[in-house]
Amino acid sequence: MQKKLFLVCLLGLFCSVNFLIAGNPVSVKSGNVSVLKEVSKALLEIDYSSAKVGNLIFNDYLAAQGEDYVRDWPRESETATSYFRARFNKKSKGIKLTTDESVASYKIRITPKTIDMGNAGSFFVTMAVGGSNKAGGVIMCGSIEIINLETNEVVCSLYADDVKGKSHFKDAIRLGYMYDELAKKICKLK
């Protein structure tokens with residue numbers, strides 16, 4: 001009996017330590033994260049060219065979803081991106097996102113490497129009574145670069161590991177929730 005209690009306590013301690021270590025899924029790979037605290041303006045670019053959804057490269061994934069999906073992707077992508085812009089500009093104490101190239105000193109380039117669109121979980125949550133919006137969210141791994149536009153040098157490089165958003169039945173909203181979470185995690189970096 002004491003062995004079982006000991007194992008349960010050990011398991012609980014292990015889970016607690018894992019939770020504390022997990023922390024922020026966004027980490028600094030290189031450069032100085034203090035650039036985020038600088039009062040300045042930045043453009044936002046999201047580059048899906050090397051992204052994979054499952055075994056498919058991103059453009060093949062879009063094509064596999066049908067002609068309507070491909071046709072609507074630019075609008076859907078902008079909807080998702082707007083979540084990042086709004087949350088980042090709200091949370092950031094320094095750098096702010098703009099669409100005006102003439103005032104931008106930096107570019108923030110997000111390059112997803114893998115994307116789990118959360119389709120199956122979102123369908124289940126939508127159909128289930130009392131389903132959790134934590135199941136079925138988009139999960140993304142990739143990199144974020146902050147580029148000085150004057151020198152075209154990467155001044156800070158970040159890594160995003162399994163950033164997860166909430167569930168929604170619409171892909172653009174699910175993707176937007178993930179970008180919202182990514183913006184929050186970037187702004188928490190010190």
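The values are calculated or read from the model by the stated rules, or taken from the named source; none is laboratory data. The structure presented is a predicted model; accordingly, all values stated were derived computationally and were not measured. So basically every Cβ, Gly included, is an ideal-geometry build from the backbone, and we count neighbours across all protein chains shown.
Here are the numbers for this structure:
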| read-out | value |
| --- | --- |
| Single residue of segment 14-48 satisfying the filter (part of a loop (DSSP other than H, G, I, E, B), at pLDDT below 95 and among the polar types (S, T, N, Q)) that is surrounded by the fewest Cβ atoms within 10 Å (Cβ to Cβ) | N32 |
| E153 surrounded by fewer than 21 Cβ atoms within 10 Å (Cβ to Cβ), touching a strand residue (DSSP E or B) at 6+ places or on another chain (Cβ under 9 Å), among the charged types (D, E, K, R) and modelled with pLDDT of 95 or more | yes |
| From the options Y61, Y83, residue that is among the aromatic types (F, W, Y) and either in contact with a strand residue (DSSP E or B) (Cβ under 8 Å, 6 or more places away or on another chain) or farther than 22 Å from K107 by Cβ (or both) | Y61 |
| Cβ pairs under 7 Å, 6+ apart, first in segment 39-58 and closer than 16 Å to R85 by Cβ and among the hydrophobic types (A, V, I, L, M, F, W, C), second assigned to a strand (DSSP E or B) and at pLDDT 95 or above | A42/L97; A42/Y106; A42/K107; A42/I108; L43/K107; L44/L97; L44/I108; I46/I110 |
| When residues of segment 59-103 are limited to those that are aliphatic (A, V, I, L, M), in contact (Cβ under 8 Å) with a residue 40 or more places away in the chain and surrounded by fewer than 17 Cβ atoms within 10 Å (Cβ to Cβ), the one farthest from C141 (Cα to Cα) | V103 |
| Residue within segment 122-143 that is buried (at least 16 other Cβ atoms within 10 Å of the Cβ), at pLDDT below 95 and out of contact with any helix residue (DSSP H, G or I) (no Cβ under 9 Å at 6 or more places or on another chain) present | yes |
